[in-house]
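Structure record follows, encoded as C-alpha coordinates.
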Amino acid sequence: MQVEAAPEETAVLIGWKKRSDNHVLARMKAEAILYASEGVRTGIIAKIVERAERTVQEWPAEWQATRMCSVLTGHAGN
(Lines give C-alpha, C1' and ligand atoms only; values in the text may rest on other atoms or scores of the structure.)
Protein backbone atom coordinates (compact mmCIF):
# COMPACT_ATOMS: atom_id res chain seq x y z
CA MET A 1 0.00 0.00 0.00
CA GLN A 2 1.46 3.33 -1.00
CA VAL A 3 0.88 6.27 1.30
CA GLU A 4 1.34 9.98 0.91
CA ALA A 5 3.52 11.98 3.29
CA ALA A 6 3.86 15.74 3.16
CA PRO A 7 7.42 17.11 3.10
CA GLU A 8 7.05 18.20 6.73
CA GLU A 9 5.88 14.73 7.73
CA THR A 10 8.73 13.14 5.81
CA ALA A 11 11.23 15.31 7.68
CA VAL A 12 9.78 14.26 11.03
CA LEU A 13 9.71 10.58 10.02
CA ILE A 14 13.36 10.76 8.97
CA GLY A 15 14.17 12.31 12.36
CA TRP A 16 12.38 9.48 14.14
CA LYS A 17 14.15 6.88 12.00
CA LYS A 18 17.55 8.33 12.93
CA ARG A 19 16.92 8.40 16.70
CA SER A 20 19.20 6.26 18.80
CA ASP A 21 17.11 5.98 21.95
CA ASN A 22 14.86 3.14 23.11
CA HIS A 23 11.95 3.98 20.79
CA VAL A 24 12.58 0.94 18.59
CA LEU A 25 9.00 0.40 17.42
CA ALA A 26 8.54 4.08 16.57
CA ARG A 27 11.77 3.98 14.52
CA MET A 28 10.57 0.86 12.67
CA LYS A 29 7.18 2.36 11.92
CA ALA A 30 8.74 5.60 10.72
CA GLU A 31 11.06 3.67 8.42
CA ALA A 32 8.18 1.55 7.11
CA ILE A 33 6.05 4.62 6.36
CA LEU A 34 8.97 6.26 4.57
CA TYR A 35 9.42 3.20 2.37
CA ALA A 36 5.66 2.94 1.75
CA SER A 37 5.60 6.59 0.69
CA GLU A 38 8.17 5.68 -1.97
CA GLY A 39 6.07 2.78 -3.25
CA VAL A 40 8.14 -0.07 -1.79
CA ARG A 41 6.11 -3.29 -1.52
CA THR A 42 4.96 -4.44 1.91
CA GLY A 43 6.84 -7.75 1.69
CA ILE A 44 10.12 -5.95 1.14
CA ILE A 45 9.42 -3.47 3.94
CA ALA A 46 8.65 -6.38 6.29
CA LYS A 47 12.04 -7.92 5.55
CA ILE A 48 13.85 -4.63 6.08
CA VAL A 49 12.23 -3.89 9.46
CA GLU A 50 12.18 -7.57 10.46
CA ARG A 51 8.47 -7.79 11.20
CA ALA A 52 5.69 -10.00 9.87
CA GLU A 53 4.22 -8.82 6.60
CA ARG A 54 0.74 -8.80 8.17
CA THR A 55 1.98 -6.42 10.87
CA VAL A 56 3.61 -4.10 8.35
CA GLN A 57 0.43 -4.09 6.24
CA GLU A 58 -1.42 -2.51 9.16
CA TRP A 59 0.99 0.40 9.56
CA PRO A 60 0.14 2.30 6.34
CA ALA A 61 -3.58 1.95 7.11
CA GLU A 62 -2.98 3.37 10.58
CA TRP A 63 -0.93 6.17 8.98
CA GLN A 64 -3.82 7.02 6.66
CA ALA A 65 -6.20 7.19 9.64
CA THR A 66 -4.13 9.03 12.26
CA ARG A 67 -0.98 10.26 10.48
CA MET A 68 1.91 10.96 12.88
CA CYS A 69 -0.01 9.58 15.88
CA SER A 70 0.22 6.12 14.33
CA VAL A 71 4.01 6.11 14.71
CA LEU A 72 3.96 6.81 18.44
CA THR A 73 2.39 3.84 20.16
CA GLY A 74 1.26 3.11 23.67
CA HIS A 75 3.90 0.43 24.08
CA ALA A 76 6.51 0.77 26.80
CA GLY A 77 9.45 2.83 25.64
CA ASN A 78 7.51 4.43 22.78
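Here are a few things to note about the model shown:
- Considering region 29-65, the residues that are open to solvent by less than 70 Å² (accessible area, probe 1.4 Å) and modelled with pLDDT under 90 include one that is nearest to residue 19 (Cα to Cα), namely 60.
- Residue match in region 45-52 (condition: more than 12 Å from the chain's Cα centre (by Cα) and in a loop (DSSP other than H, G, I, E, B)): yes
- Checked against (1) at pLDDT 95 or above; (2) not in a helix (DSSP H, G or I), residue 74 meets all criteria but (1).
- Taking region 1-28 as the range and being among the small types (Gly, Ala, Ser), open to solvent by 40 Å² or more (accessible area, probe 1.4 Å) and under 12 Å from residue 68 (Cα atoms) as the test, only 11 passes.
The values are calculated or read from the model by the stated rules, or taken from the named source; none is laboratory data. Please read these numbers as outputs of a predicted model, since none were measured by experiment. Note: areas computed on protein heavy atoms with side chains; ligands, DNA, RNA excluded. Shrake-Rupley method; radii C 1.70, N 1.55, O 1.52, S 1.80 Å.
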